[in-house]
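Q: After the structure tokens below, expect a handful of questions from me.
The values are calculated or read from the model by the stated rules, or taken from the named source; none is laboratory data. Fair warning: this is a prediction, and the values are worked out from it, not measured in the lab. Neighbour counts run over all protein chains shown; Cβ positions are idealised from the backbone, glycine included. Keep in mind that these areas ignore ligands, DNA and RNA; they rest on the heavy atoms of the full protein, side chains included. Shrake-Rupley method; radii C 1.70, N 1.55, O 1.52, S 1.80 Å.
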Amino acid sequence: MPHFTSRIFKKKIPVLAVMILLLAGISAASKTGLLMTEEQRFDKFTEEVFRSELSGNTISLHYTVADPASCNLENYKITLGNPGLESRKQARTAVENYLSALHHFSYDKLSEKKKYTYDVFEDYLKTELEAGDFLLYDEPLSPTLGIQAQLPVLLAEYPFRTKKDIEDYLTLLTQLPDYYQSLLSYENTKSANGLFMSDECALEVISQCRDFIADPESNYLLEIFQDRIDEITNLTTDEKIGYKNRNREILLSYVIPAYQKLIDGLTSMYGTGTNSMGLYYYPNGTSYYEYLVKSKVGDDRPIETIEESVKKQMVQDYSAIQELIKSRGIAGTSQSSDSAQNEDNPEQTSGSMETLAPAVSGSILQQASQIMEDQAGVSSDPEAILNELRQKITNDFPLLPSVICEIKYVHDSLQEYLSPAFYLTPAIDDFENNVIYINPSNHYSGLELFTTLAHEGYPGHLYQSVYYNNTSPDLLRNLLGPNGYTEGWATYVEMYAYSLWEEDPRLARISQRNRSFMLGLASLLDIGIHYHGYSRTDTAAFLEKLGFDSSTSDSLYRSILEAPANYLQYYVGYLNFCELRDDTEELMGETFTLKKYHTLVLEAGPMPFSILRTYIKEHASAG
């Protein structure tokens, strides 16, 4: 689910400025008669990179920092950034410059904390250099995670902390026509190079845009803005009326025409797409997929190795489901559970898995879900559940500083577009105040709500974000780190939370294994579609063996097609944390505890798993 904090670098420092920055420590210090240490120069460099990156995108700045002046960012330019091809080329040059500047520092003269900032930044830069041949492969207008779908939500949730925030917001709205024109220019270049989206995706994006502007006077950005302005207590009545009128005029004069421009531009390019299947069918598509996995997940292992890890866990989950259902005595479990004996023979177990999966993922788990929903006394109060989770995790997780977490409910106008629940990542200088949104349209309750709030709250996103921010990390670290760490952690603790459910522990274990199995299945298909070239027909045939109907398989195929490597951020990230836990236990022996392992992971902060393994190994050995 979206956390609405963009980590995309939009503005880059020219090479001359980078080199001047490197020398700044010496020139400035010479005036005072003192030379800056290598670590002080490194801090100056990374802080300047942090400020430069955020100054290139006001939305990223606003979501990352509550008070720009606290980071010397008060004189920022209001901008949405530039998504065009030339900007992307400049970004690649800037990555090269950053890497060159980074390598001018003496690594051995840095403290351990700074060394890890160096390592994470270097890994990010080197990974981005691998994308140099794929500047036209990115799809910023995908139906699921595209800018046209996400930007209105980002704007709807844009916090108004000061009057300047309101002014910035209104200014950003006036920039939408130029911003979308840059996107269309980029899409035109993709089209000319045979890399435009498929007809199906284009129609879906066009339909989304049409829905968004169908009734301008009732557009949800109008309604939400008005509600939020009314909630601000330090505005006069006249000021509120003025802001509402300006917002309405800007929305009708800039936002709606911008989306119409997007519709017209995409319609003109409709039919120019050359590929309606996975990345595999593009030239060098598998290489691009390898980059995406490394970049998004933070896992640099070969795709084949990752795939085997997914298969292995799926086999274990399926075997466990069979045994748990059999021991519970649920109807329909007379099939043999021989696969439980065959974890060392994936091929044999996989065959059984395909044969028996319909009973597991279909009627039996529907019965299990219904049993959970029907249980008396099951709490569906989000605040009560969060308090319960916070108390129950104390044995296995370090204490968290006292923070505020407000439960809010998704506005009626946005319920159709948003996840069942999501954590709105706080600004780094205001991490004590947290918000979790619940989407009432999903009617989550019982075990489903319990584990969802574990994912978003304790010990998931909220817990991890607050804990790491409380360690006072280097500023640049707040812009780095793959989603595989953050989403993998949230999925890992979501699976852990099933063990805390006391209403029916055995049924909770069945549900946990089923959840893991289904995420594994989606990840396996992600690899199959984009790396091995599975067609829609191949996918449907495989899923039919597992008991899925054609509409379900078609929906899953489309969602994977539109967002390559998305499922892997959650599931492969989760598997990495499981493997790291097992390795740490082996390393620490009798001194191992879950709390020690979780503390190491949380203090390390978001980073690629190769670097995290080194961090865990060094610190586990020492302690």
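Q: Restricting attention to the stretch 448-478, which residues are open to solvent by less than 10 Å² (accessible area, probe 1.4 Å) and among the hydrophobic types (A, V, I, L, M, F, W, C)?
A: LEU449, PHE450, LEU453, ALA454, LEU462, VAL466, LEU476
Q: What pairs come up if the first residue lies in the stretch 297-312 and is surrounded by fewer than 20 Cβ atoms within 10 Å (Cβ to Cβ), the second is among the charged types (D, E, K, R) and at pLDDT 95 or above, and their beta carbons are under 7 Å apart, counting only those six or more places apart or on different chains?
A: ASP300/LYS294; ILE303/GLU290
Q: Within the stretch 380-486, which strands (runs of 3 or more DSSP E) (wholly inside it) include 2 or more residues that are modelled with pLDDT of 90 or more?
A: 404-409, 433-438
Q: Within the set of pairs 6 or more residues apart or between chains, which connect a residue that is assigned to a loop (DSSP other than H, G, I, E, B) inside the stretch 160-171 to a residue that is surrounded by 14 or more Cβ atoms within 10 Å (Cβ to Cβ) with Cβ atoms less than 7 Å apart?
A: As it stands, the answer is PHE160/ILE166; PHE160/ARG228; PHE160/ILE232; ARG161/ALA66, since those pairs meet every condition given.
Q: Moving to a separate point now. So, in the stretch 547-561, how many residues would count as being touching an Asp or Glu at 6+ places or on another chain (Cβ under 9 Å) and buried (at least 19 other Cβ atoms within 10 Å of the Cβ)?
A: Here the count works out to 3.
Q: Still on this structure: ASN57 - would you say it is within 19 Å of GLN175 (Cβ to Cβ), open to solvent by 20 Å² or more (accessible area, probe 1.4 Å) and without any contact (Cβ under 8 Å) to a residue 60 or more places away in the chain?
A: The answer is no for ASN57.
Q: For the stretch 199-219, give me each residue that is farther than 18 Å from LEU414 by Cβ and either crowded, with 18+ Cβ neighbours inside 10 Å or in contact with an Asp or Glu (Cβ under 8 Å, 6 or more places away or on another chain) (or both).
A: Those that are farther than 18 Å from LEU414 by Cβ and either crowded, with 18+ Cβ neighbours inside 10 Å or in contact with an Asp or Glu (Cβ under 8 Å, 6 or more places away or on another chain) (or both): CYS201, ALA202, GLU204, VAL205, ILE206.
Q: If you don't mind, another one. Restricting the search to the stretch 166-183, which residues are open to solvent by 10 Å² or more (accessible area, probe 1.4 Å) and more than 24 Å from the chain's Cα centre (by Cα)?
A: GLU167, THR171, THR174, GLN175, PRO177, ASP178, GLN181, SER182
Q: Which residue pairs have Cβ atoms under 6 Å apart, sit 6 or more places apart or on different chains, and have a first residue in the stretch 389-409 that is within 17 Å of PHE450 (Cβ to Cβ) and a second that is outside any loop (DSSP other than H, G, I, E, B) and open to solvent by 60 Å² or more (accessible area, probe 1.4 Å)?
A: Matching pairs, first to second residue: ASP396/LYS595; ILE407/GLU383.
Listed here are the residues, each with its yes/no results for (1) closer than 13 Å to PRO143 by Cα; (2) modelled with pLDDT of 95 or more.
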| site | (1), (2) |
| --- | --- |
| GLU204 | yes, no |
| CYS209 | yes, no |
| ASN219 | no, no |
| GLY242 | no, yes |
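Q: Another question about this same structure. Where residues in the stretch 78-107 are assigned to a loop (DSSP other than H, G, I, E, B) and closer than 19 Å to LEU54 by Cα, which of them is most open to solvent (accessible area, probe 1.4 Å)?
A: ASN82
Q: Separate question: Give, as residue ranges, the helices (runs of 4 or more DSSP H) completely inside the stretch 1-74 that count at least 3 residues that are modelled with pLDDT of 50 or more.
A: Once the helices (runs of 4 or more DSSP H) in the stretch 1-74 are filtered for at least 3 residues that are modelled with pLDDT of 50 or more, what remains is 38-55, 58-64.
Q: Now, a different point. Out of the residues in the stretch 108-152 meeting the condition of being assigned to a helix (DSSP H, G or I), among the acidic types (Asp, Glu) and open to solvent by 50 Å² or more (accessible area, probe 1.4 Å), tell me which one is farthest from GLN175 (Cα to Cα).
A: ASP108
Q: Can you name the residue in the stretch 225-249 that is of a type in the set (Ser, Thr, Tyr) and without any contact (Cβ under 8 Å) to a residue 60 or more places away in the chain and is also least open to solvent (accessible area, probe 1.4 Å) among such residues?
A: Across the stretch 225-249, the extreme among qualifying residues is THR236.
Q: Still on this structure: Restrict the check to the stretch 480-495 and report whether at least one residue is open to solvent by 30 Å² or more (accessible area, probe 1.4 Å) and touching a Leu at 6+ places or on another chain (Cβ under 9 Å).
A: No: the stretch 480-495 contains no residue that is open to solvent by 30 Å² or more (accessible area, probe 1.4 Å) and touching a Leu at 6+ places or on another chain (Cβ under 9 Å).
Q: Between LEU266, LEU222, LEU252, which is assigned to a helix (DSSP H, G or I), open to solvent by 20 Å² or more (accessible area, probe 1.4 Å) and touching a residue at least 12 places away in the same chain (Cβ under 8 Å)?
A: Within the list LEU266, LEU222, LEU252, the selection yields LEU252.
Q: Another question about this same structure. For the subset of the stretch 471-511 comprising residues that are without any contact (Cβ under 8 Å) to a residue 24 or more places away in the chain and over 30 Å from LEU54 (Cα atoms), which member is nearest to the chain's Cα centre (by Cα)?
A: Checking each candidate, the answer is SER499.
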